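**Student:** Supplied in structure tokens, the structure appears directly below.
The values are calculated or read from the model by the stated rules, or taken from the named source; none is laboratory data. Predicted model only: the values in this text are computed from it and were never measured. Heads up, the Cβs are rebuilt from the backbone with ideal geometry, glycines too, and the neighbour counts pull from every protein chain shown. Ligands, DNA and RNA are stripped out before the accessible areas are found, and what is left, the full protein with its side chains, is counted by its heavy atoms. Shrake-Rupley method; radii C 1.70, N 1.55, O 1.52, S 1.80 Å.
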Amino acid sequence: MANNIIEIQGLTKLYDGLTALDDLTLSVEEGAVVGFIGPNGAGKTTTMRILTTLLQPTRGQAWVAGHEVTREPKAVRRVIGYMPDFFGVYEDMKVWEYLDFFGACYDLPPAARTAMIDDLLALVDLGHKKGAFVDSLSRGMKQRLCLARTLTHDPQVLILDEPASGLDPRARIEMRELLRELKQMGKTIFFSSHILSEVADICTSIAILEAGRLVAYGDMEEMKKQLRAHRLIEVRIMGDLEPLQEILLHTEAVGAIMAGVEAELPPDTVRFDFSGDDQALSRLLARMVAGEIPVISFSEETGDLEDVFLHATRGIIN
């Protein structure tokens, strides 16, 4: 566990015979930003509640910054900042009072709380709302205030459950930029999201959960390399597609072939799976040219996080 700030081993949670979490094991390095994704009911929130000491596991263990979550809950709470998937704000308080209250909960002295409040409001761009009532804030502002609350005691680890949930596009961009800034500050961030493109833009690695089981875990580049085992190539040509299809049918690395209008493609287009490396792909293009196939374009579709997710999951819901 030398460089791992979160360590999970064999974590299992049962609810009246239903397996919400099934033998989950993963490690998170200090300073990493992990996107925790999966369908609804996959077990993401259950995992986060166990890590934040709010839920007891049925089996298995988890450590945060070296502290075991069931035996040392107070120590765990000192090193984490948790933002659940609901606001959890006291709307009859002013913004500064809200942060002051949580600072007092962590035994920060009044003088330290005053400086902390100003610093956090500047970080989340809410300094101009210091004297406003929480009830008057927009949803995006409330989300940023909730994130500021998780930082009142300067935790090492941030555990965020759907931090951009329900936000409009501008507010999501603001939240993404804020998370990026926290990453630069050296915080370890473990957050769930269903907005896959935003996870890819922020995180250093992703963990994909389905039906309580971890089905994929690794850094973004490694995930995309896994996709390259089944590359999707698209070719546009002039004229008849049959000569091109004949070449593809006699190429060992070519898998499924989709051609023309029958495959809901333009009439001049062929797509195919390719399991070879770059050299094999280059040789295939050379064969097309040597065979006088009038190639207009030859391109590879780049796999994104949606592709990783669809390849890793099977649509199973607990």
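**Student:** Tell me the volume per residue, in Å³, of the convex hull enclosing the alpha carbons of the chain.
**Tutor:** 172 Å³
**Student:** Continuing with the same structure: Which angle between 0 and 90 degrees, to the nearest 10, do you get for helix 139-150 versus the longest principal axis of the chain when only C-alpha atoms count?
**Tutor:** Approximately 70 degrees, to the nearest 10.
**Student:** Using a 1.4 Å probe on the protein chains only, how many percent of the accessible area of region 5-82 belongs to carbon and sulfur?
**Tutor:** 44 percent
**Student:** Which of the peptides 25-32, 63-70 is most tightly packed, and how do the rest follow, judged by the mean count of other Cβ atoms within 10 Å per residue?
**Tutor:** Answer by packing, highest mean first, reads 63-70, 25-32.
**Student:** Find out how many positive minus negative residues lie around N4, taking Lys and Arg as positive, Asp and Glu as negative, among other residues whose Cβ is under 9 Å from that of N4.
**Tutor:** Once all neighbours under 9 Å are counted, the net charge is -3.
**Student:** Mind telling me which of I296, I202, I159 comes out most flexible in a GNM of the chain, alpha-carbon contacts under 10 Å?
**Tutor:** Maximum among the listed residues: I296.
**Student:** Counting only heavy atoms of protein chains, what accessible area per residue, in Å², does the chain have with a probe of 1.4 Å?
**Tutor:** For the chain, the solvent-accessible area averages 50 Å² per residue.
**Student:** Can you compute the helix-only [θ] at 222 nm over the chain? Use -39500 (n - 2.57) per DSSP H run of at least 4 residues, normalise by all residues, nearest 500 deg cm²/dmol.
**Tutor:** Taking each H run of at least 4 residues, the total per residue is -10500 deg cm²/dmol.
**Student:** Return one quarter of the surface area of the convex hull spanned by the alpha-carbon atoms of region 62-154, equal to its mean projected area, in nm².
**Tutor:** Projected area, direction-averaged: 6.3 nm².
**Student:** To test your reading of the geometry: what angle, between 0 and 90 degrees and rounded to tens, separates the Cα axis of helix 110-123 from the longest principal axis of the chain?
**Tutor:** Result, in degrees: 20.
**Student:** Under 1.5 on a/c is rounded, so check that first for region 239-294, then, if it is not, pick prolate when a/b is larger than b/c and oblate when it is not; a ≥ b ≥ c are the square roots of the alpha carbon gyration tensor eigenvalues.
**Tutor:** It is oblate, given that a/c is not under 1.5 and a/b is not larger than b/c.
**Student:** Can you give the convex hull volume per residue for the Cα atoms of region 1-129, as a whole number of Å³?
**Tutor:** 149 Å³
**Student:** Roughly how tilted is helix 95-105, in degrees to the nearest 10 and between 0 and 90, from the longest Cα axis of the chain?
**Tutor:** Orientation of helix 95-105: about 80 degrees from the principal axis.
**Student:** Let me ask something else about it. For region 126-259, compute Rg over Rh where Rg is the Cα radius of gyration and Rh is the Kirkwood radius from the inverse mean 1/r over Cα pairs.
**Tutor:** We get a ratio of 1.20 for region 126-259.
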